[in-house]
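Q: Before I ask anything, here is the structure I am working with.
The values are calculated or read from the model by the stated rules, or taken from the named source; none is laboratory data. Every value quoted in this text rests on a predicted model; they were computed, and no experiment measured them. Here the Cβ is made from the backbone with ideal geometry for all residues, glycine too, and neighbour counts use every protein chain on show.
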């Protein structure tokens, strides 16, 4: 089925140095331009972000500093790219929250006042989430083929959740799963430990993910001004940050973990000093 267009539509995707809309930069863009007459044009280009690409980010999109060191900066191609976009409507996957905002940020930094006025924005992810909701009642309907009555009553929700788990085990028992590294497994088994391993975010140190493990297995902050920095190192250089966390509205489990890391660091320092 062909999309009815009155003006061009550009589906775009960006690879970047990270997810911070202000600080991070574009390292690759792809724009798929569809014209009202059905003509299609695609443009893909690597860019030098002007800042290092973090190793953990390169592992995700496969673009390393060496790949972009001789490529143009965004500001060098901004006028040409702006002309290519012209008055087109824009779309993508999670594009309203990420791709379009960071693209606009790059244009503004390049001195081009990119306007959204009179443009339509189509976010495919939002359509997906609205049409295929991920709340408990929707899961019950999908997996069990039943309507969840008395939703939000504790007993009805609890029983439904268990029935969904049983249905998931049955549905996915022979279904292959491929992770981000390309490893293939059959993780859904009638085994509690296997289900735990698959359903738990292993990078999270605390359950909510305020503190996570980095690639080296070190606890790092996953929020705020010290995001990506080792917790111990931050407390060494800025002890007041520990006090701020303990006085702020963080979960008690997170505070308990932070206290443990701080005490462990102090203990290690004491042991090291006693050796000399």
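Q: Considering only residues of segment 201-232 that are under 15 Å from the mean Cα position of the chain (by Cα) and assigned to a strand (DSSP E or B), which is surrounded by the fewest Cβ atoms within 10 Å (Cβ to Cβ)?
A: 204
Q: Say whether the condition of being more than 23 Å from residue 180 (Cα to Cα) and in contact with a helix residue (DSSP H, G or I) (Cβ under 8 Å, 6 or more places away or on another chain) is met by at least one residue in segment 52-61.
A: Step one: list which residues in segment 52-61 are more than 23 Å from residue 180 (Cα to Cα), which gives none.
So far as segment 52-61 goes, no, none of its residues is more than 23 Å from residue 180 (Cα to Cα) and in contact with a helix residue (DSSP H, G or I) (Cβ under 8 Å, 6 or more places away or on another chain).
Q: Moving to a separate point now. Determine which member of the set 51, 60 is in the same structural domain as residue 20 (by TED's automatic domain parsing) and touching a residue at least 60 places away in the same chain (Cβ under 8 Å). First the steps, then the outcome.
A: Numbers: 51 fails: touching a residue at least 60 places away in the same chain (Cβ under 8 Å).
Step by step, each of 51, 60 is checked, and only 60 is in the same structural domain as residue 20 (by TED's automatic domain parsing) and touching a residue at least 60 places away in the same chain (Cβ under 8 Å).
Q: If you don't mind, another one. Based on what the data block shows, is residue 235 surrounded by 10 or more Cβ atoms within 10 Å (Cβ to Cβ), modelled with pLDDT under 90 and part of a helix (DSSP H, G or I)?
A: Numbers: surrounded by 10 or more Cβ atoms within 10 Å (Cβ to Cβ): yes; modelled with pLDDT under 90: no; part of a helix (DSSP H, G or I): yes.
In short, no.
Q: For segment 250-276, how many residues are loosely packed, with under 10 Cβ neighbours inside 10 Å and either within 21 Å of residue 223 (Cα to Cα) or modelled with pLDDT of 95 or more (or both)?
A: Within segment 250-276, residues that are loosely packed, with under 10 Cβ neighbours inside 10 Å and either within 21 Å of residue 223 (Cα to Cα) or modelled with pLDDT of 95 or more (or both) number 1.
Q: Let me ask something else. Of the numbered conditions (1) surrounded by 10 or more Cβ atoms within 10 Å (Cβ to Cβ); (2) at pLDDT 90 or above; (3) farther than 30 Å from residue 58 by Cβ, residue 247 fails exactly one; give the number of that condition.
A: (1)
Q: Could you please let me know if residue 98 is assigned by TED's automatic domain parsing to the domain that holds residue 157, more than 23 Å from residue 7 (Cβ to Cβ) and at pLDDT below 95?
A: Details: assigned by TED's automatic domain parsing to the domain that holds residue 157: no; more than 23 Å from residue 7 (Cβ to Cβ): yes; at pLDDT below 95: yes.
For residue 98, the condition - assigned by TED's automatic domain parsing to the domain that holds residue 157, more than 23 Å from residue 7 (Cβ to Cβ) and at pLDDT below 95 - is not met.
Q: Here is a further query. Counting only residues that are farther than 16 Å from residue 121 by Cα, give me the strands (runs of 3 or more DSSP E) lying completely in segment 1-101 with at least 1 of them. If you could, list the steps in order and put the result at the bottom.
A: Working: elements: 9-16, 26-34, 40-46, 89-92.
The strands (runs of 3 or more DSSP E) meeting that bar are 9-16, 26-34, 40-46.
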